[in-house]
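A short write-up of the structure that comes next.
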Amino acid sequence: MLRTDLANTSDVNKGDALVGFRQPLTGANGSTVHHKLSEYISVKDFGARGDGRTDDSGAFQNALNSSKSIHVPAGTYLVKDLNPPSECTIMCEGFDAIIKGVSEADTIFKTTEFRSLLHVIGGRWECCKYVWHHNSDHSLSNCLFESMFISCCENGFRINAAVGNVWRNIRVKKADYGWYLGEGTENVINTNKFLECNLLAYRSGGIYFVSNESKPMRGNIIRSCWFEDSDHSAIFAGGGSSHLVIADCYFESTGSTEDADIVLNQLGSESIKPTVIIDSCHFAAPKPSQRSRLMVQGDVALLAKDNIAVLRRGDIFARIETPNRFVIQLINNLLDTAGDGTYESWLYQRDGMQDVRWAEYWLP
């Protein structure tokens, strides 16, 4: 009788529900094998094959609908249009879990309503249109994405409205954009953090903010990120911004004649207090055709301080083209130049009425 009950797979009160479990750790609580196994539901419990040929979208969605925490084991999964609920955790088995679009024209995650408290850990995400498309004026809010490797897609994240999210240790390679943020009519892109991310060989832009004067971005932070090997800007901030901080980042071989490493194309409301701070960044070797490392094209009060920049002959650290009178502060920036000239001639070129205030650091 006991053997029959233990082998039962149809009655939730039998089978693994009759087997006790306790971790061999001090203070560990007792449980059952059934309860322990239910802490993380595997997509394979719902029929996912992970063979690189089968459409596993249905299995993934059923798992997402059934549990707040799901596990994606090693394998290659083809999925599209997944719609996870709020407060859901997706834990991938490192980079051995490979998630692709069913076709390269498909989007892996597609959300059209407010979502919050999502947590995605690990995984290789590739060969799709977008990894995540949040197509809603209601925000994607307070979510955490970490340790993901994204490659060969149009966008890593295309998000209309985003508030309080954290992207940490995300690697993006060979995408058009790593992030494209703020397309919706509301354009709320506030208090998001991009930490320790690595963007390589992106085709159109690394982190690309789109906003408007009526809904400016507020309180976003890009810190300790690495940008390399692209003919386009690493960071583009358009529309409007308040308290955008770019700190401790590294830029190498990004930009072109038209695109600087960082482009600020904005309509600001504060002319004196800095609305953008660029602090302690390292601008390494530029593209041969590049002519500036910073480009200010709209009304923005900028503070750039304690940065290091490599400049070729004829290059400018900051090219300032805004027509109105905004304060630009360039403080203690080390310029590694390849020719003669005064510090100020390398530091900036102004085309307008800006009030440029600077303090010399040194030319090595």
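Key figures
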{"item": "Among (1) in a strand (DSSP E or B); (2) closer than 13 Å to residue 162 by Cα, the one test that residue 113 misses", "result": "(1)"}
{"item": "Subset of region 123-139 [buried (at least 19 other Cβ atoms within 10 Å of the Cβ) and assigned to a loop (DSSP other than H, G, I, E, B)]", "result": "123, 139"}
{"item": "Among (1) in contact with a strand residue (DSSP E or B) (Cβ under 9 Å, 6 or more places away or on another chain); (2) in a loop (DSSP other than H, G, I, E, B), the one test that residue 151 misses", "result": "(2)"}
{"item": "Flag for residue 142 being in contact (Cβ under 8 Å) with a residue 12 or more places away in the chain, within 24 Å of residue 248 (Cα to Cα) and surrounded by fewer than 20 Cβ atoms within 10 Å (Cβ to Cβ)", "result": "yes"}
{"item": "Residue check, residue 107 crowded, with 19+ Cβ neighbours inside 10 Å, touching a Leu at 6+ places or on another chain (Cβ under 8 Å) and either outside the structural domain of residue 159 (by TED's automatic domain parsing) or not acidic (Asp, Glu) (or both)", "result": "no"}
{"item": "From the options 151, 116, residue that is farther than 16 Å from residue 64 by Cα and not β-branched (Val, Ile, Thr)", "result": "151"}
{"item": "Some residue of region 161-178 being in contact (Cβ under 8 Å) with a residue 40 or more places away in the chain, assigned by TED's automatic domain parsing to the domain that holds residue 96 and either under 17 Å from residue 114 (Cα atoms) or not in a strand (DSSP E or B) (or both)", "result": "no"}
{"item": "Elements of type strands (runs of 3 or more DSSP E) contained in region 296-337, each with 1 or more residues being under 27 Å from the mean Cα position of the chain (by Cα)", "result": "302-305, 308-310, 316-320"}
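Residue by residue, here is whether (1) of a type in the set (Gly, Ala, Ser); (2) touching a Pro at 6+ places or on another chain (Cβ under 7 Å); (3) over 25 Å from residue 192 (Cβ atoms) holds:
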| position | (1), (2), (3) |
| --- | --- |
| 63 | yes, no, yes |
| 69 | yes, no, no |
| 99 | no, no, no |
| 104 | no, no, yes |
| 111 | no, no, no |
| 115 | no, no, no |
| 121 | no, no, no |
| 124 | no, no, no |
| 138 | no, no, no |
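The values are calculated or read from the model by the stated rules, or taken from the named source; none is laboratory data. This one's a predicted model, so the numbers in the text were calculated from it and none came from an experiment. Glycine also receives a Cβ, built like all others from the backbone with ideal geometry; neighbour counts cover every protein chain displayed.
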